[in-house]
Amino acid sequence: MRILIFLLCGILLGGCVSGVKNNELAAKFAKPVIKVGVEPDFPPLVFTQNGEIIGIESEFAKRISEMLGAELILVHTPWNELIPALNRNEFDVIMSGMTITPERAKLVKFTDPYIRVGQMAIMRTADITQFSTPEKVLATDKKIGFINGTTGEAFVREKCTKASKVGFINVQDAKNAILNGKIDVFVSDAPVIWVISDTALTPLCVPLTEEYLAWAVKPDNAKLAEILNKCLAIMKKDGFVEKVNSSWIPELIRKKIY
């Protein structure tokens, strides 16, 4: 896995004041470094651009590290290894667009959610009439793709019983597969679907599910979960969460998933 270190200074981000240490929370955290596990392949939630990890989760992680007075280390980890690596103490928290599910809640302790999302489908624009409603997606016997180990996979396997199922390791491979005709539909988180849409690929702008994204810590780390929840409450109160989400997710999609 790869490790990226952000040495943070006081900056202005999206009109919200950052770089402000919260002495109370910093004293409770009492560590010089916070390590955050990410799989940066889910734009706009967290992804790599020009060698830098950016996106919604990255901005939240930077703000949290500032409040805690800690150096931020982002640990690049494959998606299916995030929870095992967390429980091996390779980092403190997962901040990687993870959906709260009962199965995952047996393995980690989730914080309060920071956004409501849903699974969405995207298809070739030329094929939109074939998949113009959720019912048509559910009933199709065509090939539907998803990212392995995600709630998108769980949805497709449970609900799209007639479809041929095709798993992918990353979003770019799935997008290429649609464009090249290897699959007909790709199902993933709504923000991801919106980012990869273009003139050739059209999303079905109706969520197939309702889900909540949150951060995850080890099951026995109630202290850190409480600290992160307090950080999140501060960011919600001062408008930082809304500012970050709205800067990365278009208003149309936010109206559909909020």
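Put the Cα centre of the stretch 188-246 next to the Cα centre of the stretch 61-119 and the gap is 11 Å. For S164, the residues whose amide H sits under 5 Å from its own are K142, K143, I144, ignoring neighbours fewer than 5 places away on the same chain, with H placed 1.01 Å from N.
Under unit Cβ charges (Lys, Arg +1; Asp, Glu -1), what dipole magnitude, rounded to 20 debye, does the stretch 119-204 have relative to its Cα centre? Provide the component values of the computation, followed by the final result.
Numbers: 10 positive and 9 negative charges, 43 e Å.
With Lys and Arg at +1 and Asp and Glu at -1, about 200 debye.
Taking the Cα centre of the chain as origin, sum charge times position over the Cβ atoms of Lys and Arg (+1) and Asp and Glu (-1), and report the length of that vector in debye to the nearest 20. Computed about the Cα centre, the dipole is about 260 debye.
Just check the stretch 23-103 against the gyration tensor rule for me: Cα atoms, a ≥ b ≥ c as the square roots of the eigenvalues, rounded for a/c under 1.5, and otherwise prolate or oblate depending on whether a/b exceeds b/c. It would help to have the intermediate numbers written out before the result.
Details: a/c = 1.82, a/b = 1.30, b/c = 1.40.
Oblate.
Give the shape of the stretch 119-204 as rounded, prolate or oblate, defined through the alpha-carbon gyration tensor: a ≥ b ≥ c are the square roots of its eigenvalues, a/c under 1.5 means rounded, and otherwise the shape is prolate if a/b is larger than b/c and oblate if not.
On the way: a/c = 1.37, a/b = 1.06, b/c = 1.29.
Judged from the Cα gyration tensor, the stretch 119-204 comes out rounded (a/c under 1.5).
Among Q172, V185, M120, flag the residue with its Cα farthest along the positive direction of the charge dipole of the stretch 119-204, charges on Cβ as +1 for Lys/Arg and -1 for Asp/Glu. Of the listed residues, the answer is V185.
Between V20, V108, V241, the GNM of the chain built on Cα springs shorter than 10 angstrom shows V20 fluctuating the most. Separation of the stretch 25-58 and the stretch 143-162, taken as the distance between their Cα centroids, equals 27 angstrom.
State to the nearest 20 debye the size of the charge dipole of the stretch 65-116 about its Cα centre, where the only charges are +1 on K and R beta carbons and -1 on D and E beta carbons. Please report the intermediate quantities before stating the final value.
Numbers: 5 positive and 7 negative charges, 60 e Å.
Here the size comes out at about 280 debye.
Partners of K143 within straight-line reach, counting lysines whose Cα lies under 27 Å from its Cα and excluding those fewer than 8 residues away in the same chain: K159, K162, K165, K175, K182, K256. Listed by chain and number, the aspartates and glutamates whose C-alpha is less than 13 Å from the C-alpha of K223, apart from same-chain residues fewer than 8 away, are D92.
No lab work stands behind these numbers, since they all come straight from the coordinates. The model shown is predicted, which means the values in this text are computed figures rather than measured ones. Note: ideal-geometry Cβ built from the backbone for every residue, glycine included; neighbour counts use all protein chains shown.
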